[in-house]
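Heads up: the structure comes next, in structure tokens.
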Amino acid sequence: MEIKAPLLPESVADATVASWHKSIGDSVTEGEVICELETDKVMLEVPALSDGVITEIIKPEGSTVVADELIGKIESSAATKVSGVSASSKDTNKVTESKDAMPSLKNSETQKSKAVEAESSLSESVPPQSPSTRKMMLEHNLTSDQIKGTGKSGRITKEDIETHIAKSASSSASSSITKIDLTSASVDQENTATGSRHTERVAMTRMRTTIAARLLQSQQNTASLTTFNEVDLTQVMTLRKEYKEGFEKKYGIKLGFMSFFTKACCTALKLFPEVNASIDGSDIIYHNYCDIGVAVSTEKGLVVPVVRNAESLAMHEIEKSIAMYANKAREGRLTLDEMTGGTFSITNGGTFGSMLSTPILNIPQSAILGMHNIIKRPMVVDGEIQIRPMMYLALTYDHRIIDGSQSVRFLVTVKQLLEDPARLLLDI
């Protein structure tokens, strides 16, 4: 049975074989993931279509493949059984002679069978790992029995692998130190005083290559400019504190900041349609809907899944959509359709502690809002100094389509809606 590359998403010409989870001679079961392909944006899993044994790997790791291309072969269990019965009936005498002449062969096969059973038993006891974790283990030639998993049900996480690698490096370093020749101790001490110096060349992944190309294209082909403001989040935080328990109990999702910012942006985009528009050649395309891209950081890079028609969604629907996309992004299950077609984007560098930044446009969109961390600062309120939770906002926009006054007024509108969130409900 042939193993073929799956159909690729629209606009994706080819893919790279990221990793093989099975080797030639390994047994597989129907539906088991045996190979992973990496495209510009998503990881594609290739499952086995039947039980059997891997007999050939045509496209090794790092190879480029197109849709429906042959990448390997499986000998199904049924074919193996038929072949075995036929060979047994034709060569009964030879097998008998072989048993007498080569008893060691039998012992070898028995040992091999026991080894396969032991390996199978071990693999069943080890919880399944995420694609990114399995790939990282393959890159460092590690197996599941070498690492103690601290994740759910003993699952191995990226941090577990990094800890194991760090410990191995530390033990190797201390082992090498014990072997130092005392006659050259003074030279070695001088060398170790400067620390370890080495370089490593690693090929960029397809996703990182695409991100780099798009960011460079954005910088070179847009007249990007950034305007800043700050917002007092006292009212938003008061609402969250008062209603978060009831909100989570009713909808099964936490009330976060992103739903407030998304609703505020949707309201402001209606008032300033140029911010929600894009340039196509010499034309301007205006959108009468708000497809909001929400930047999500993953191990492989930044992805921007899109919340469709956010202007018509309730707060809990927005929170659930963002949470779903974030989980899919970190597990590498986002589809290309879920990351294309946005009209405006929001990125939250504050989750990593960023105080201020200038986000880069997600072309062909004409604007992106940057959120930052919340810091309590002394502010003058009604002639008095009060401690308020403040956040800096940054709006990067394409000056070819958005004038400076429009960008400033848009950001001020977002600020006003967040400082008085009742206006989001009243639509005023």
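The values are calculated or read from the model by the stated rules, or taken from the named source; none is laboratory data. Treat the numbers as computed from the prediction; the structure is a model and nothing was measured. Please note that ligands, DNA and RNA were not included when accessible areas were found on the heavy atoms of the full protein model with its side chains. Shrake-Rupley method; radii C 1.70, N 1.55, O 1.52, S 1.80 Å.
Annotation for the range 342-360 versus the range 367-381: alpha-carbon center distance of 12 Å. Length gained on full extension, GLU419 to LEU336, computed as 0.36 nm times the residue gap minus the Cα-Cα distance: 26.3 nm.
Values of log10 I(q)/I(0) for the range 211-338 across q = 0.15, 0.16 Å⁻¹ run -0.92, -1.03, by the Debye formula with one identical scatterer at each alpha carbon and no solvent.
Applying 0.36 nm per residue to the separation of GLU56 and VAL412 and subtracting their alpha-carbon distance, the gain on full extension is 121.9 nm. For the range 280-428, relative contact order (Cα pairs under 8 Å, six or more residues apart, normalised by length) works out to 17 percent. Between the range 291-322 and the range 229-247, the C-alpha centres lie 20 angstrom from each other. Share of carbon and sulfur in the accessible area of the range 334-395 stands at 58%, probe radius 1.4 Å. Over 26 Å between C-alpha atoms is what I'm after, so list which of LYS254/LYS415; LYS22/LYS300; LYS249/LYS376 land there. Check vs 26 Å cut-off fails for LYS249/LYS376.
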